[in-house]
């Protein structure tokens, strides 16, 4: 017949298991919170902060610097220094977020 060995969990092994469990739970909660915060920041940039939204809405332009030229409650005009030279960028506020209404290349 086969002999089965009953291996009891020692106090040392139990402590290690509990410590690893607490550590991994802490890491999972921390990473999840950081990702949630980053997602919220990107959403806020598109809805609440048009000065940041211009960089997120036009990543292909490689905007280096922006200057606010004109501002109303629903519209903002920027002079943006891009990889191809200065551009006039007009942002308008939609029902939920800001969007690019016009991008016009300017002469140097």
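The values are calculated or read from the model by the stated rules, or taken from the named source; none is laboratory data. Keep in mind that this is a model prediction, so the values were computed, not measured. Methodologically, a virtual Cβ is constructed for each residue, glycine included, from the backbone with ideal geometry; neighbour enumeration extends over all protein chains shown.
Data for the structure
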item	result
In region 55-108, the residues that are under 24 Å from residue 41 (Cβ atoms) and in contact (Cβ under 8 Å) with a residue 40 or more places away in the chain	57, 58, 61, 91, 93, 96, 97, 98, 99, 100
Every residue from region 17-44 that is modelled with pLDDT of 90 or more and surrounded by 11 or more Cβ atoms within 10 Å (Cβ to Cβ)	none
Options 82, 66, 47; residue that is touching a helix residue (DSSP H, G or I) at 6+ places or on another chain (Cβ under 9 Å) and either on the phi > 0 side of the Ramachandran plot or at pLDDT below 85 (or both)	47
